[in-house]
Amino acid sequence: MLALIERLKNGLFGENPVFVQVLAMCPFLAVTTSVENALGMGLSTLTVLIFSNALISAVRKFIPNKIRIPAFIVIIAGFVSIIDLFLAAYLPDLYKSLGLFIPLIVVNCMILGRAEAYASKNSVLHSVYDALGMGLGFTMALSILAFFREILGAGTVLGFQILPEAYEPANIMILAPGAFLTLGLIMAFINNKNLKKGKDLLKIHDCESCGMGCDMPKPEKMNIKLDAEAIQKGGAN
Amino acid sequence: MTQILIPIAIMAGIGLVLAILLGYAANVFEVKQDPRVEELILVLPGVNCGGCGFAGCEAYAKGVALNGADPTLCTVGGPVVANQIGDIMGVKVNAQEIMVAYVKCNGDCEKAKDKYEYHGIMDCVSAAALPGGGAKSCTYGCLGLATCVAVCDFDAIVIRDGIAIIDENKCTNCGACVKACPKNIIESVPLNSRVRVACNSLDGARDIMQNCEVGCIACKKCEKACEYDAIHVNNNLAKIDYDKCTQCNACVEVCPKSTIENLLMIHKAKPKDITA
Amino acid sequence: MDLLIIFINAMLVNNFVLSRFLGICGFLGVSKKRDASIGMGLAVLFVMSIASIGTWSVYTFLLEPNGLDYLKTVAFILVIAALVQFVEMVVKKMSPALYDALGIFLPLITTNCAVLGVTFLNVQDKLSLGGSLVNALGAALGFFLAIVLMASIREKLDRVSSVPRAFQGLPIALITAGLMAISFLGFKGLI
């Protein structure tokens, strides 16, 4: 029980995939045109995450290290195909609005990252808890952005008219630019809070935080200290 | 049943073909790399500052191992890394002098005058492009708009009272600030040379007296006081030859404008009379 | 004429980055320096073309005749990953200069949504081989255009220190992208 709560808190706040790790930008910007779409996408990703984390964790001892990344990708792709077919059959409206981004859950760095960072090293039960936490964190983030975009862009939330009829909706919020601008402002807000707490600015996930483990060189800053002896000795000349 | 077998067969087939292709390619297209390159990369600091003149630490490692580049070019790593490179490559490496960057200007807000109040892009390169070369009355002086701070990978430069000051503990002599300064006011000097001329101005004495309290007026008192022929005044500016300088402080004491400074003695220096 | 429409659609009207939101991570991550972004754009062009040919062939000759449309997610990602790995090895061996310019970006774009996205769109719109290639070309050039423009703006923006601290880095880049997206909306009536 404690493990579940810890994983939930981690996924929702500590290592929130969007607001802390800055992952999965593409679906984040694309599907948040309405809260309904956002919830649908978030829950689909959550489902894929739970199943793939569980399966990867179950077979983690049998996958050779060298081919683990392709193996993870195949497992995730399998579950994404299943969700794709499921949505096409039972939720056709959602399927039409999400369109291309359901199969693109495969390349959602968050799923591969969790598989690499957590599921391949922990038990099945804990991996499922982790998936729950991350998936709910992602859904929450999606809903927040979608809330702002929908309420300003259409005056509704989940189909219910919130703003008065006289409000002329700002269509640009529903279109592409609205996503960028809103996300930029939300990120600035989070940066502001982080700076006050003394944390670093947000930056796009780079090689260090990705779970992929490709062979790119990772620069590390070196701390160079000159000590008094070195100055005294001085490089001989 | 066939509905299940056919997709399995096709997917397995695709997987098998791709696996064979990749396995074959990994063998045929293997690139043999000199193992020394890997060792060199581990030894180098990995900051990718470009101070060696190569496009990053990996490029420098390749240059040293494959093209015989000078093993002493990494200023960030200094003598320690140079010796390690020498060990890996099996060559003898001469001991080097530690160099640091130095800003040749002491004309801060109190000591130097401004032509006008500057409100604009906080960037020295942009400000120096304006007519008059920026807001400072002395056209050779440090503008203090922090272009050098921005390019420093090591957080070694701060702007205090309107001029740039380099923290010699952090400076690695990578040369980024030297290239970035539009006034060419930053120079690489030996760390152990504590006596330095803190002025870059080629203006004559009359202009300097109007513009800055600590500018070099080319009075040549330092040149006359030096017993080691280490300091000369050319083009209205005194320059120290660091190879000859013995840091006796003779020039520091006679300079009427306190332009020449001994960095070990700053806290003991007495304020000089400006009209002297 | 059809090909020209496909090309313009992919490059300008429905720009992959600013309109379809594909390839954002790569776009925001690499657009800090102009030289790196030119390298990234060329690498994307390279990968998209090869991936389009490979996946179109697999779909047309293996999956579609057997009614295995639902396998395209798994099949495409396998084909793309393997092809890019293969090409990386070939380039590393054949042309070290090209590898230095593009090589480091290749693993980054293997799982980029833009590449997988363009292969899915080729199939979804039922394009021929030529059409798929032109679509990929247009998409890659659109990505190239967007990323180089973004890098040029960001380089100047990073020099100016009047960007408020909370906005530095990612937020101002997103807002810049938003303004670019507004300008690209102007292409809507083109076709």
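The values are calculated or read from the model by the stated rules, or taken from the named source; none is laboratory data. What you see is a predicted model; the values in this text were computed from it and never measured. For neighbour counting, all protein chains shown are included, and Cβ atoms are generated from backbone atoms with ideal geometry for every residue, glycine included.
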- Restricting attention to the stretch C:96-116, which residues are under 30 Å from C:Leu174 (Cα atoms), small (Gly, Ala, Ser) and out of contact with any Lys or Arg (no Cβ under 7 Å at 6 or more places or on another chain)? C:Ala101, C:Ala114
- Task: Determine the pairs where a residue that is more than 12 Å from B:Lys183 (Cβ to Cβ), located within the stretch B:125-136, has a partner that is modelled with pLDDT under 85 and in a helix (DSSP H, G or I) with Cβ atoms under 9 Å apart, the partner being 6 or more residues away or on another chain.
- Result: B:Ser126/C:Arg159
- Message: So for the stretch A:130-151 (the condition being buried (at least 24 other Cβ atoms within 10 Å of the Cβ), in contact (Cβ under 8 Å) with a residue 60 or more places away in the chain and not in a helix (DSSP H, G or I)), does at least one residue qualify?
- Response: no
- All-but-one check, C:Val74 against (1) in contact with a Leu (Cβ under 9 Å, 6 or more places away or on another chain); (2) within 13 Å of chain A (Cβ to nearest Cβ); (3) in a helix (DSSP H, G or I), failing number (1)
- Query: A:Ile63: out of contact with any Gly (no Cβ under 7 Å at 6 or more places or on another chain), at pLDDT 85 or above and outside any helix (DSSP H, G or I), yes or no?
  - Reply: yes
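Looking only at the stretch B:157-175, which residues are within 14 Å of chain A (Cβ to nearest Cβ) and in contact with a helix residue (DSSP H, G or I) (Cβ under 8 Å, 6 or more places away or on another chain)?
Listed by number, the residues that qualify are B:Ile166, B:Thr172.
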- State whether one or more residues within the stretch A:106-120 are over 28 Å from C:Thr110 (Cβ atoms), more than 12 Å from chain C (Cβ to nearest Cβ) and over 18 Å from the mean Cα position of the chain (by Cα). no
- Consider C:Ser37 carefully, then state whether it is part of a helix (DSSP H, G or I), polar (S, T, N, Q) and either in contact with a helix residue (DSSP H, G or I) (Cβ under 6 Å, 6 or more places away or on another chain) or crowded, with 17+ Cβ neighbours inside 10 Å (or both). yes
- Item | Hits in the stretch C:88-113 - residues which are more than 9 Å from every other protein chain (Cβ to nearest Cβ), hydrophobic (A, V, I, L, M, F, W, C) and surrounded by fewer than 19 Cβ atoms within 10 Å (Cβ to Cβ) | C:Ala97, C:Leu98, C:Ala101
- Of all the residues that make up the stretch C:162-178, how many are more than 7 Å from chain A (Cβ to nearest Cβ) and not β-branched (Val, Ile, Thr)? 3
- Item | Among (1) touching a Gly at 6+ places or on another chain (Cβ under 9 Å); (2) in a helix (DSSP H, G or I) - the single one B:Cys138 does not satisfy | (2)
- Note on the structure: How many residues of the stretch B:102-144 are touching a helix residue (DSSP H, G or I) at 6+ places or on another chain (Cβ under 6 Å) and either more than 22 Å from B:Cys49 (Cβ to Cβ) or away from chain C (no Cβ under 14 Å) (or both)? The answer is 5
- Query: Just a yes or no: is a residue in the stretch C:43-62 within 10 Å of another protein chain (Cβ to nearest Cβ), of a type outside the set (Val, Ile, Thr) and without any contact (Cβ under 8 Å) to a residue 24 or more places away in the chain?
  - Reply: yes
- Query: Is it true that some residue in the stretch A:106-125 is crowded, with 23+ Cβ neighbours inside 10 Å and at pLDDT 90 or above?
  - Reply: no
- Item | Condition broken by C:Lys92, with the remaining ones in (1) part of a helix (DSSP H, G or I); (2) of a type in the set (Lys, Arg); (3) in contact (Cβ under 8 Å) with a residue 12 or more places away in the chain satisfied | (3)
- Filtering the stretch C:1-34 down to residues that are within 14 Å of chain A (Cβ to nearest Cβ) and in a helix (DSSP H, G or I) yields C:Ala10, C:Leu12, C:Val13, C:Ile24, C:Cys25, C:Gly26, C:Phe27, C:Leu28, C:Gly29, C:Val30
- Message: For a quick check of your reading of the model, give me the residue pairs whose first member lies in the stretch B:107-118 and is in a loop (DSSP other than H, G, I, E, B), whose second is surrounded by fewer than 16 Cβ atoms within 10 Å (Cβ to Cβ) and of a type outside the set (Lys, Arg), with beta-carbon atoms closer than 7 Å and at least 6 apart or on different chains.
- Response: B:Asp108/B:Asp161; B:Cys109/B:Asp161; B:Glu110/B:Asp161; B:Lys115/B:Gly132
- Note on the structure: Residue hits (the stretch C:148-181; buried (at least 17 other Cβ atoms within 10 Å of the Cβ) and either charged (D, E, K, R) or over 28 Å from B:Gly120 (Cα atoms) (or both)) are C:Arg154, C:Ala181
- Task: Name the residue, out of A:Phe72, A:Phe51, that is buried (at least 18 other Cβ atoms within 10 Å of the Cβ), at pLDDT 85 or above and either away from every other protein chain (no Cβ under 14 Å) or in contact with a strand residue (DSSP E or B) (Cβ under 6 Å, 6 or more places away or on another chain) (or both).
- Result: A:Phe51
- Task: From (1) touching a residue at least 60 places away in the same chain (Cβ under 8 Å); (2) in a helix (DSSP H, G or I), pick out the condition that doesn't hold for A:Gly99.
- Result: (1)
- Note on the structure: Going through (1) surrounded by fewer than 17 Cβ atoms within 10 Å (Cβ to Cβ); (2) in a strand (DSSP E or B) one by one, B:Ala164 fails only at (1)
